[in-house]
1. Just to be sure I follow: if Rg is taken over the C-alpha atoms of the stretch 97-150 and Rh is the Kirkwood radius over the same atoms, what is Rg/Rh?
2. Translational diffusion coefficient of the stretch 249-340 at 37 °C, 0.692 mPa s, Stokes-Einstein with Kirkwood Rh over Cα pairs, in µm²/s as a whole number.
3. Among DSSP beta bridges whose residues both lie in the chain, state the antiparallel percentage, nearest 5.
4. Give the carbon-plus-sulfur fraction of the accessible surface of the stretch 86-208 in %, rounded to a whole number; probe 1.4 Å, heavy atoms of protein chains only.
5. For the stretch 132-230, what is the accessible area per residue in Å² when the probe is 1.4 Å?
6. Residue-wise, which Karplus ³J(HN,Hα) couplings in Hz belong to the stretch 81-96, taking 6.51 cos²θ - 1.76 cosθ + 1.60, θ = phi - 60°, and x for glycine or proline?
7. Which residues in the stretch 5-34 have a backbone N closer than 13 Å to a point placed 7 Å from the Cα of SER55 along the Cα-to-Cβ line?
8. What percent of all Cα-Cα pairs in the stretch 132-223 falls into each 10 Å bin, going from 0 up to the bin containing the maximum distance?
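The values are calculated or read from the model by the stated rules, or taken from the named source; none is laboratory data. Worth saying up front: this structure is predicted, and the values here are computed from it rather than measured. Every residue, glycine among them, receives a Cβ derived from its backbone with ideal geometry; neighbour counts consider all protein chains shown. Surface accessibility is based on the protein's heavy atoms, side chains included, excluding ligands, DNA and RNA. Shrake-Rupley method; radii C 1.70, N 1.55, O 1.52, S 1.80 Å.
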Amino acid sequence: MQRSELTIDLGAVRRNVKRLLDVLDGAEVWAVVKANGYGHGAVDVAGAALGAGASVLCVATVPEGLALREKFGETRILVMGPTATSRELARARDTHLELVASSGEVPEGVRVHVKLDTGMGRWGLSELPEPGSNVVGLMSHLASADCDPEFTETQIQRFREATEPYRHLSRHLANSAGALRFPGARFDAARCGIAIYGLSPFGGDPGEDGLEPALHWRSRLAQVRLLGAGESTGYGRRFLVERPTWIGIVPVGYADGFRRDLTGTEIRVGGELRRVVGTVSMDALTVELDRELPVGTPVTLIGDGVLAEDHARVAGTINYEIVCGINGDPARTRRVVVDS
Ligand SMILES: *Cc1c(COP(=O)(O)O)cnc(C)c1O
């Protein structure tokens, strides 16, 4: 039996991109597929997003851009992070990647987007220089579109004022949260990541924004046993039972990306929600059952109503980190791409 199976539904990606295009009302969707498409598989997601109408692919690094260039010969690819070395710059030039200038120097011989810092306080110039002839875009990044409308409006205002003289360039500010909640942030394009995967940038139920999770992570019960009163399961004996209790062992642990701080979260076992108990170990986790179930009973770790957002809340993190953390190594999980 495979330890677990990761299913990526490209139909869901397409529907999410279409949903964003609807919301954006004329502005373009640029699909952010950095970090291997937030753990979903950059090439598969990029193909689906482009097919649904996304216009540009965005990544964080030049190597990520080069990998996509091999599959997508003609597509515009924007590298949003800083270019590390002159060798990377040369490779970017040869393969027609578009780069971002976020400090004093504007690279030559490539199409460049100049990044203005309107409040993120990270990469970005505090003032826009007069754009040179190879500058095709002006951008900035929202710091708190998921949680602080007032500051977001300030950033939108700053960006609008600073870029107003350059309306002939492509102006892009919004991430997923900005695209979904701030009409003023739309400009010419929105760089959408989390939402194209059907995950909520707000940490709640993605269905509320018309989004559909594209990733399912499933496994099976590998062992089922009855703990007697006074017995425990796992390291540190953190789940110690007072009465006889059925437990199931699932062959997925923190080395697979099911984090150690997910104790207490719920997963689906044979269709019912069950609590993860005891310490998550490297290669296994334990669920509390209400009765004996057969070995091989299907388990859903993410999907079928089990939300990455709920796991994130238990672990004190964000859904982004939950999905990026899944270990896609074929030695540990079988990856299946479907198109519903
Ligand atoms: C990652 C990233 C995005 C996408 O953000 P989401 O919240 O995933 O939509 C957009 N712009 C920049 C500069 C980014 O680094």
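1. Rg/Rh for the stretch 97-150 comes to 1.04.
2. Estimated diffusion coefficient is 241 µm²/s.
3. Details: 28 of 58 bridges.
So the antiparallel bridges amount to about 50 percent of the total.
4. Values: 2530 of 5620 Å².
About 45 percent, which is the carbon plus sulfur part of the accessible surface.
5. On the way: 3890 Å² over 99 residues.
Using a 1.4 Å probe on heavy atoms only, each residue of the stretch 132-230 averages 39 Å².
6. Calculated HN-Hα couplings, in order: x, x, 7, 6, 9, 5, 5, 4, 4, 5, 5, 4, 4, 4, 9, 6 Hz.
7. Counting only backbone N, you get 21, 24-31.
8. For the stretch 132-223, the pair-distance distribution reads 16, 39, 25, 12, 5, 2, 0.
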